[in-house]
Amino acid sequence: MSVQEPDTLASLIGQLRADSPIDVLEQAERQLKAHLQRELGAPLDGSRMRELASYQQQLGFLLKYKSYAVKAASPLGYSVFLQRPGEGFSFQQHVTHKTELFYILDVLPGGYVFLCDFADWQRIYDRDSFLEWLGGKPDARYEQFRFVPQPGDVFVIDRLSVVHTVVGCTLVEFATVSTDMVDRLHDQNERRKVPAEFTRRFAEERLRSLAWPEASHRVTFESAAWRRSPMVGQAIRGGVRTVLDEGLVSAASLRFDAGAVSEVSADPARATCLHVVGGAGRLVLGDAGEVRRSSPPALAAQAGDLFFVAPGAHYGFVNEGAAPLIVAEHRIPLAVAFV
């Protein structure tokens with residue numbers, strides 16, 4: 001099965017919103033990226049910047065149904081995973097360089113993160129004993145690399161030869177690409193079917209009601225010990241910005257107070273994905289001249305919305321509700337986003 005080559009972004013939206021097998025959806029996703037890359041090949045005026053942001057808002061997340069989770073993905077590598085209790089990623093390592101940051105939103109009973117160097121994995125892994133450990137039998141060889149996270153914990157995988165998984169969590173992934181680039185060393189999900197309850201309605205309801213942690217901690221495994229260090233947010237106009245990581249991908253959490261009007265920012269070199277996690281307000285968006293107006297152009301924004309912001313676009317937020325306006329911000333260079 002294949003998708004038709006579309007003439008415009010508008011003609012592609014039906015294919016991207018259809019509940020399709022992952023390989024079909026990712027074929028359409030590649031076409032979306034090609035369209036966006038062509039759009040960004042020439043300077044955009046403010047009107048076209050807002051059209052692209054509004055298109056992504058209308059499109060929403062690309063929903064990839066797996067046996068263990070719904071992966072709600074954006075074309076820039078930002079994703080939300082809605083995992084099932086006790087189920088999660090295979091035990092895997094990257095075969096080509098890919099940066100991933102896992103931000104834990106919720107931990108279901110029995111949920112955990114597993115991290116170890118590939119050399120350690122080769123030394124300790126035995127399929128039979130590993131299956132017994134997964135089934136609940138104690139085994140210190142594997143248990144030392146297992147960590148029970150808390151909401152707000154941050155794990156960064158930015159080098160090769162790191163064996164990792166996340167099981168039984170709701171999490172956000174800030175990554176360089178949204179497609180799989182892994183060597184599955186132990187795949188407990190092999191031959192499992194996609195649950196019948198995994199539908200667009202199920203995913204969109206969950207995405208509109210995510211609980212975003214108020215505090216964040218960086219978690220690392222060094223010298224045979226787990227370390228959990230608090231991440232301090234920076235005061236900005238109207239709220240707080242917490243940088244989760246600043247590498248190939250810039251990952252940040254923004255929290256604006258009730259009634260706040262944020263500063264306007266722009267990134268000339270990187271495209272930005274903005275995911276409104278909680279609250280409601282407006283996304284101010286346009287070129288430098290437009291956002292200086294007394295009534296700058298804006299798009300309505302509420303929990304669950306996803307926006308694409310082109311490089312060079314100026315943007316900010318107005319919180320029009322009584323609750324905090326919470327936004328996940330994912331910035332990525334075009335040369336990385338569209339490989």
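The values are calculated or read from the model by the stated rules, or taken from the named source; none is laboratory data. Owing to the predicted nature of the structure, the values given are computational and were not obtained by experimental measurement. With ideal geometry, Cβ positions are generated from the backbone for all residues, glycine too; neighbour counts draw on all protein chains shown. The accessibility values were calculated without ligands, DNA or RNA, using every heavy atom of the protein model including side chains. Shrake-Rupley method; radii C 1.70, N 1.55, O 1.52, S 1.80 Å.
Filtered by the rule that a residue be farther than 20 Å from Thr176 by Cα, small (Gly, Ala, Ser) and either free of Cβ contacts under 8 Å to residues at least 24 places away in the same chain or outside any strand (DSSP E or B) (or both), segment 80-110 gives a lone residue, Gly86.
For segment 35-79, the set of residues classified as of a type outside the set (S, T, N, Q), in contact with a Phe, Trp or Tyr (Cβ under 8 Å, 6 or more places away or on another chain) and assigned to a helix (DSSP H, G or I) consists of Leu36, Leu52, Ala53, Tyr55, listed by residue number. For the structure I just gave you, tell me whether Gly239 is closer than 18 Å to Ser216 by Cβ and either modelled with pLDDT under 95 or open to solvent by less than 30 Å² (accessible area, probe 1.4 Å) (or both). Considered against the rule, which asks whether it is closer than 18 Å to Ser216 by Cβ and either modelled with pLDDT under 95 or open to solvent by less than 30 Å² (accessible area, probe 1.4 Å) (or both), Gly239 comes out as yes. When we screen Ala298, Ala269 for residues that are under 30 Å from Lys98 (Cβ atoms), in contact with a helix residue (DSSP H, G or I) (Cβ under 9 Å, 6 or more places away or on another chain), open to solvent by 30 Å² or more (accessible area, probe 1.4 Å) and hydrophobic (A, V, I, L, M, F, W, C), the only hit is Ala269.
The rows are residues; the columns are (1) acidic (Asp, Glu); (2) at pLDDT 95 or above; (3) surrounded by 18 or more Cβ atoms within 10 Å (Cβ to Cβ); (4) part of a loop (DSSP other than H, G, I, E, B).
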| position | (1), (2), (3), (4) |
| --- | --- |
| Ala251 | no, yes, yes, no |
| Leu254 | no, yes, yes, no |
| Val276 | no, yes, yes, no |
| Gly281 | no, yes, yes, no |
| Phe317 | no, yes, yes, no |
| Gly321 | no, no, no, yes |
| Val327 | no, yes, yes, no |
| His330 | no, yes, yes, no |
| Ala335 | no, no, no, no |
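Is it the case that some residue within segment 261-283 is basic (Lys, Arg) and in contact (Cβ under 8 Å) with a residue 12 or more places away in the chain? Looking through segment 261-283, at least one residue is basic (Lys, Arg) and in contact (Cβ under 8 Å) with a residue 12 or more places away in the chain.
Being in contact with a strand residue (DSSP E or B) (Cβ under 8 Å, 6 or more places away or on another chain), closer than 17 Å to Ser209 by Cα and of a type outside the set (A, V, I, L, M): is that true of Gly286 here? Outline the logic, then answer.
Details: in contact with a strand residue (DSSP E or B) (Cβ under 8 Å, 6 or more places away or on another chain): yes; closer than 17 Å to Ser209 by Cα: no; of a type outside the set (A, V, I, L, M): yes.
No: the conditions fail for Gly286.
Scanning segment 179-199 for any residue that is surrounded by 15 or more Cβ atoms within 10 Å (Cβ to Cβ), among the hydroxyl-bearing types (Ser, Thr, Tyr) and within 30 Å of Asp120 (Cβ to Cβ) turns up nothing.
Per-residue answers, yes or no, for (1) touching an Asp or Glu at 6+ places or on another chain (Cβ under 7 Å); (2) small (Gly, Ala, Ser):
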position: Ala72; (1), (2): no, yes
position: Pro109; (1), (2): no, no
position: Asp117; (1), (2): no, no
position: Gly152; (1), (2): no, yes
position: Ile157; (1), (2): yes, no
